C-alpha cells in the first residue's frame, strides 16, 4: 500500500513539473474572462438622502464621466434608485419638452434615476459626453424634471449596461446585448 501511495505521489509531482515546462518555475495562471450580465434596475443605497432633506444648493450629481465603454456618475451622498432600458435607436427626447436629441450610435440605452429634489437642478455638468469605447459613443443628459434625472447613451450596436454601485458612485459598463 505504501508503494502505491509513493508511486502516485511521484506521478503527481512529475506531472506538476511537466506543467511548468520542467523549469521549476510555476506557470502563470491564465485570466479567465468574467461574463458581465445586464442590470435592469437597482434600489437607492441606504445613505441616499430623502428628496425633501437633500441639499438645495449642491447638485445631487457631482460629476459624470465617460471613458471607453463606461459611464461613471458620482453623487453628493449615496446612490439613487435607477433603471436601465435598451432602446432601438440613439434618438431620445428631452423631459419634459419632448425636444429631440440625437446621439452618436446605431442604438441606445436609457438610464433613469429617481429620488431627487424636484425644485432644483440636480445635474449641472456637460449636456453631452463623448467616449472612445467600441460600444459607448456618446452620453446625453435628457431629463431633470420632477425628481427624475435621465441620461441617454448612444451605442454602436444593441447593448445594455452592467451596473456596479459603491459608496457614492454608479458605474455603467456598456456591453453588447446577449453578452
So how do 152-161, 168-177, 137-146 stack up, highest first, on mean other-Cβ count within 10 Å?
152-161, 137-146, 168-177
Gap separating the Cα centres of the range 31-81 and the range 86-123, nearest whole Å
16 Å
How large is log10 of I(q)/I(0) for the range 41-176 at q = 0.15, 0.22 Å⁻¹ when the intensity is taken from the Debye formula with one equal scatterer per alpha-carbon?
-0.65, -1.36
Mean Cβ neighbour count within 10 Å, used as a protection proxy, ranking 92-99, 111-118 highest first
111-118, 92-99
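Only the coordinates and a few stated rules stand behind these numbers; no lab work does. In this text the structure is predicted, and so the values were computed from the model without any measurement. Reconstructed Cβ throughout: ideal geometry from the backbone, glycine too, with neighbour counts over all protein chains shown.
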